[in-house]
1. How do the peptides 65-77, 290-302 rank, highest first, by the average count of neighbouring beta carbon atoms within 10 Å per residue?
2. With only alpha-carbon pairs counted, each pair once and no self-pairs, how large is the Kirkwood hydrodynamic radius of the stretch 179-230 in angstroms?
3. Would you mind estimating how fast the stretch 269-335 diffuses translationally, via Stokes-Einstein at 37 °C and 0.692 mPa s with the Kirkwood radius over Cα pairs, in µm²/s?
4. Sorted by average packing, counted as other Cβ atoms within 10 angstrom per residue and highest first, what order do 262-275, 321-334, 151-164 take?
5. Among all lysine pairs in the stretch 158-305 that are eight or more places apart or on different chains, how many have alpha carbons less than 20 angstrom apart?
6. Over all Cα pairs of the stretch 57-177, how is the pair count split among 5 Å bins, expressed in % and running from 0 up to the last occupied bin?
7. What percent do you get for the relative contact order of the stretch 222-335 when only Cα pairs under 8 Å and 6+ apart count?
8. What is the list of residues in the stretch 158-181 whose amide nitrogen lies under 17 Å from a point 7 angstrom out from the Cα of residue 129, following Cα to Cβ?
Amino acid sequence: MLPYASLTAGLLTIAALAQADKPQSPLEPSQGDAPPILGFGTWNLKVSPSNTTEAVSLAIQEGYRHIDCAAAYGNEEAVGKGIAEGLEKAGLKREDIWVTSKLWNDHHGKLNKVEEGLNKTLKDLGVGYLDLYLMHWPVGGSSKLDYDYIKTWHSMEKLPLLGTVRNIGVSNFSPHQLKKLIKKSSIKPAVHQMELHPYLQQKGWVELHQEHGIHVTAYSPLGNSNPTYRSSSRAANTHKTPPLLLENEALAKIADMRNCTTAQVALAWGMQRGTSVIPKTSHAKWIKENFESVTCGLVDTDVDKIEELGKKYLTRFNKPGRSWGVKLFEGLDDA
């Protein structure tokens, strides 16, 4: 993992490019296996189809070059319209951005089933191909949930050969599941997307991926600012609901010292550890604010303070395993 100082310098260089006469982006789409380090998330972006379309379009015009989608979000058609509008208004082509989507649990199994899910996503998004297609969860089956992720992955391995997907990856896997997947497969996941924020840092798990060349994308990088999470989960060690991440006093103090907002501190922390972050918002002001997180340089003492938050408020907010009748995140923090 790169030293924090080196990563900060790199991000500041990128930020300088973003402020040049010609609009630039924090990391243009990769020609390899890793998406741009700052992306725009679309989970819960459902206030209305027109609102979703407008938000995605504004994000691309602002400079985001990484759009994260999923069939399960139920909004890919509106997101696709936003991508088309944003590209047109920004004077860009499809290949100028990175688009990620995810295979939902009800389309696990044989290749024809996986392709059915993929083709629906491609039709709704209207993008022609995906830069990255993730297995959303290591769980599948429309009537009975079961751990059929190996068979599903073998089907996904064929997708790059068909020309509709450039890279494949996973999301929400446990160490045992990821190890088993790699052992029984011919293609290693290019990316693993997981919940990561100052309240759920999973430092060792992230570093293990980096050591083995698997890029990590952090979803919910602003923690329980997401309305879905605000009343869920209690901290494992304190038995207290952690404060909203964007209202955390320690982060606010760092923000004041670095002339940033609290959200920018959280996002900068995620990017400085080498993970992509995909914040979501439908507000133009916050779309711009989140994008400008690349100018928020943190020093080692800031990082040390943020690491302490992870110990004090250790909390995983996304835990659907109980309602699905399966065990998830075994061997990981706050499983």
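1. 65-77, 290-302
2. Taking every pair of different Cα atoms in the stretch 179-230, averaging 1/r and inverting gives 12.3 Å.
3. Details: Rh = 14.9 Å.
This corresponds to a translational diffusion coefficient of 220 µm²/s.
4. Averaged packing, sorted descending, gives the order 262-275, 151-164, 321-334.
5. Step by step, the pairs that qualify in the stretch 158-305 add up to 11.
6. 2, 12, 23, 22, 17, 12, 7, 4, 1, 0
7. Details: 111 pairs, mean separation 33.5, N = 114.
Normalised by residue count, the contact order of the stretch 222-335 is 29 percent.
8. The answer is 158-169, whose backbone nitrogens lie closer than 17 Å to the label point.
No value in this document is a laboratory result; all are computed from the given coordinates. Note that the structure is predicted; figures quoted are calculated from it, not measured. Cβ: placed from backbone, ideal geometry, glycine included. Neighbour counts: every protein chain shown.
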